[in-house]
Structure formats: structure tokens, C-alpha cells
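S.K.: This is the structure I want to talk about, given as C-alpha cells.
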Ligand code: ADP
Ligand code: F6P
């Protein structure tokens, strides 16, 4: 009997839980008679360069609790070129691959949609710490990244209180304020700034710092999404220019790529395992052009076109709540 083959890749920014996805796609697919799984190295670049490896049950052993991705990931801007994607599809066809699981964020899932529109069967799994993929409550990696951020905020608070300081804590998220909003709420920030909401003006930000000082707080924590304009440094410069009036000294911490690394927590191991298995099942039974999504406690398939049509919006009620907790 001839073998059926599917392939799996991770693309875009890495995050905790990608290995759980890879493992689950592989092991679920291998349970089907006559199915083989190929891992693609370095995301879309591996498709273009014909960089595949056969994945056995044992190859994906011992990776569930590891951060990063054992397949490697990459940004591959040339994949936006239709001729480059055509070469990728040629390589998939020459290796007898009948369908592909793409694990990644908004950009990677847009690439997946393009492959689907060119006639190649694809199923997507939302995985990006930014939680900017629409139609799913949460993506793989978000929960662990949030826990990392909140632990950092707790630590910053300790030193902030000891020194009577205001801290500007910048978190990732590209154009999305989800990480800032959720970590600000869970970390007890005095103010959260997200790109989805304009402002407030610098004077109002200074007022928050002064207000915290006057009310006798030991610190003032402002969580800023990296996509917020005019940016963390602009606030730091402004606050420092009014140093005499503030009460608190100002310090800046940019958390950076610490947020992407580390062992996935239980939520992401479980979500990655559920989504990976669900994706493999869907692909093997002939589903195409869909993304696995968590809606409530259930996994569902949604059209990739709907998932990437817009950035996932923030919950306005949570924004309002964050504004009441200072
Ligand atoms: P993420 O998937 O984490 O959002 P990126 O936005 O960097 O990360 O996208 C990852 C990769 O997805 C890009 O480097 C590119 O290879 C592919 N990609 C992004 N946008 C497109 C597009 N419009 N068409 C084809 N491929 C795309
Ligand atoms: O999309 C995930 C993400 O970590 C964003 O939050 C951030 O803006 C970007 O990737 C950073 O990318 P790089 O790892 O290429 O610096």
C-alpha cells in the first residue's frame, strides 16, 4: 500500500508550546495506517529550499516541555512572492506530501492561506505570544508568555517599592496590546498603554505617577505595549524632564525576547497537544484552508481567510477594568 504523507512546519516568532504542537501532529497522524510525517526545517524557508526530514514517533519524544521549536523557525519575506510559493508547492508535490500543517501567527497563517488559494491543502494552528490571531480565544504560547511577564512585573515591583520608583515596563505584542493589557491586569499596574487606544497625553501619564506618589503608593508601574506610539522612550524622556514634580525616580525595563523563551506551562502543553492532534485529524480527513481555533472550551475549524482578515480586537470590558484598578 502506498504511503500517505503530511508535513508540518513552524513559522514566524517562536513561543512556548510549539513543540507540543509538532509532537501531537506527528503522533496523531502516525496512528493512522500508512501515514508518514515530514518535518520542514526553518519554516517557509525550508519549503523553498526543500529542507525536509522524516519524523518518527521517537523523533518527537522528550520535546513536550521544551521551549522554542525543534524544527526551527524563520521569517521568510520572499514567501510573499507567488513564484517562490510555487517552488515551495513543487517541492511538496515532488515529495508526495498531500497536505501541510502550518503552526504560527498572523503572518504565517496568511502565508498558509496563500498556499491554500493556490490549491495546496493546508490546516493552520494559531501560535504566537501576541494573541493577535482572530477567531480563536487564545493562541499557543500566550499563557506561558503572560506568566513570564507577570513574574517579571512582580519582581520589578519588589525593587520599585524598595527604592520608591516608577517603572515603565515594555512588553511585546507587535501592533497588539493583548500582552500589555492582560499582564497589566494580573500584575496590578497603575496604567496600561496599548496601540488599540490612542493617548493619553504625556501630561496625563505624569498625573498617574504623581497621583500614585501622593496616595502613598510605594511604586508606580506602567505597562506599555511595544506598538504603543509615541513609545516607551518618549514617556521616559518626558517624565524625566519633570523629575522634580514626580516624587518617584523613573526606570525603564524592556522585557524583550525573555517573553518568548522558556518551558511551556501546562496550559500551552495541553493546548498545543489538543490543537496539533485536531489539525492532523482534520487534514487527513480532507479538510482544507481552515485554522484550528479554541472557542470556549471547544476546538473548532474556522476558515483561514476569516482568521487573518483582521487583528484580534481587545476586549473593551477588560480595558475598562484595567482603568479602574489603579
Ligand atoms: P507571525 O507568523 O509570527 O505573525 P510574521 O508576520 O513575521 O510572523 O510572518 C512569518 C512569515 O509568514 C513571513 O516571514 C513570511 O514567510 C510569511 N508571510 C507573512 N505574510 C505573508 C503574506 N502576505 N504572504 C505570504 N507569506 C507571508
Ligand atoms: O510576533 C512575536 C513577536 O515576539 C512580537 O511580539 C515582536 O514584535 C516580534 O515577534 C519580534 O520579532 P524578532 O524576534 O524578529 O525580533
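The values are calculated or read from the model by the stated rules, or taken from the named source; none is laboratory data. Keep in mind it's a predicted model, so treat the numbers as computed, not measured. We place every Cβ from the backbone using ideal geometry, glycine too, and count neighbours over all the protein chains shown.
S.K.: Among the listed residues 38, 113, 109, 100, which satisfies the condition of being touching a strand residue (DSSP E or B) at 6+ places or on another chain (Cβ under 7 Å), part of a helix (DSSP H, G or I) and either within 21 Å of residue 288 (Cβ to Cβ) or within 16 Å of ligand 2 (Cβ to nearest atom) (or both)?
M.R.: Exactly one residue qualifies, and that residue is 109.
S.K.: Tell me, which helices (runs of 4 or more DSSP H) lie completely within segment 185-303 with 2 or more residues that are touching a strand residue (DSSP E or B) at 6+ places or on another chain (Cβ under 7 Å) and not assigned by TED's automatic domain parsing to the domain that holds residue 148?
M.R.: Counting at least 2 such residues, we get 266-284.
S.K.: Further question: So residue 137 clears everything in (1) within 14 Å of ligand 2 (Cβ to nearest atom); (2) surrounded by fewer than 24 Cβ atoms within 10 Å (Cβ to Cβ); (3) in contact (Cβ under 8 Å) with a residue 60 or more places away in the chain except one condition, right? Which one?
M.R.: (1) is the only condition that residue 137 fails.
S.K.: Which numbered condition in (1) surrounded by fewer than 18 Cβ atoms within 10 Å (Cβ to Cβ); (2) more than 16 Å from ligand 1 (Cβ to nearest atom) is the only one that residue 257 fails?
M.R.: Condition not satisfied by residue 257: (2).
Yes/no per residue for (1) within 10 Å of ligand 1 (Cβ to nearest atom); (2) under 17 Å from residue 38 (Cβ atoms); (3) surrounded by fewer than 21 Cβ atoms within 10 Å (Cβ to Cβ):
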residue	(1), (2), (3)
63	no, yes, yes
70	no, yes, yes
78	yes, no, yes
82	yes, no, yes
121	no, yes, yes
132	yes, no, no
146	no, no, no
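S.K.: Which pairs have Cβ atoms under 9 Å, sit 6 or more apart or on different chains, and link a residue in segment 224-243 that is within 14 Å of residue 198 (Cβ to Cβ) to one that is within 16 Å of ligand 1 (Cβ to nearest atom) and in a helix (DSSP H, G or I)?
M.R.: 225/178; 225/179
S.K.: Turning to a different aspect of this structure: Looking at segment 10-24, can you tell me whether even one residue there is buried (at least 18 other Cβ atoms within 10 Å of the Cβ), within 16 Å of ligand 2 (Cβ to nearest atom) and assigned to a strand (DSSP E or B)?
M.R.: Yes, because at least one residue in segment 10-24 is buried (at least 18 other Cβ atoms within 10 Å of the Cβ), within 16 Å of ligand 2 (Cβ to nearest atom) and assigned to a strand (DSSP E or B).
S.K.: From 47, 30, which residue is more than 9 Å from ligand 1 (Cβ to nearest atom) and either surrounded by fewer than 17 Cβ atoms within 10 Å (Cβ to Cβ) or over 25 Å from the mean Cα position of the chain (by Cα) (or both)?
M.R.: 30
S.K.: If you check residue 150 against the conditions, is it crowded, with 24+ Cβ neighbours inside 10 Å and either part of a strand (DSSP E or B) or more than 16 Å from ligand 1 (Cβ to nearest atom) (or both)?
M.R.: no
S.K.: Can you tell me which residues in segment 84-114 are within 9 Å of ligand 1 (Cβ to nearest atom), within 21 Å of residue 26 (Cα to Cα) and over 16 Å from the mean Cα position of the chain (by Cα)?
M.R.: Listed by number, the list holds a single entry, 112.
S.K.: From 281, 306, which residue is modelled with pLDDT of 95 or more and more than 21 Å from residue 63 (Cβ to Cβ)?
M.R.: One residue alone meets the criteria, 306.
S.K.: Please state which one of 123, 89 is in a strand (DSSP E or B) and in contact with a helix residue (DSSP H, G or I) (Cβ under 8 Å, 6 or more places away or on another chain).
M.R.: Unique residue meeting the criteria: 123.
S.K.: For the condition over 21 Å from the mean Cα position of the chain (by Cα) and within 20 Å of residue 27 (Cβ to Cβ), what is the one hit in 274, 240, 215, 285?
M.R.: 285 is the lone residue from the list that is over 21 Å from the mean Cα position of the chain (by Cα) and within 20 Å of residue 27 (Cβ to Cβ).
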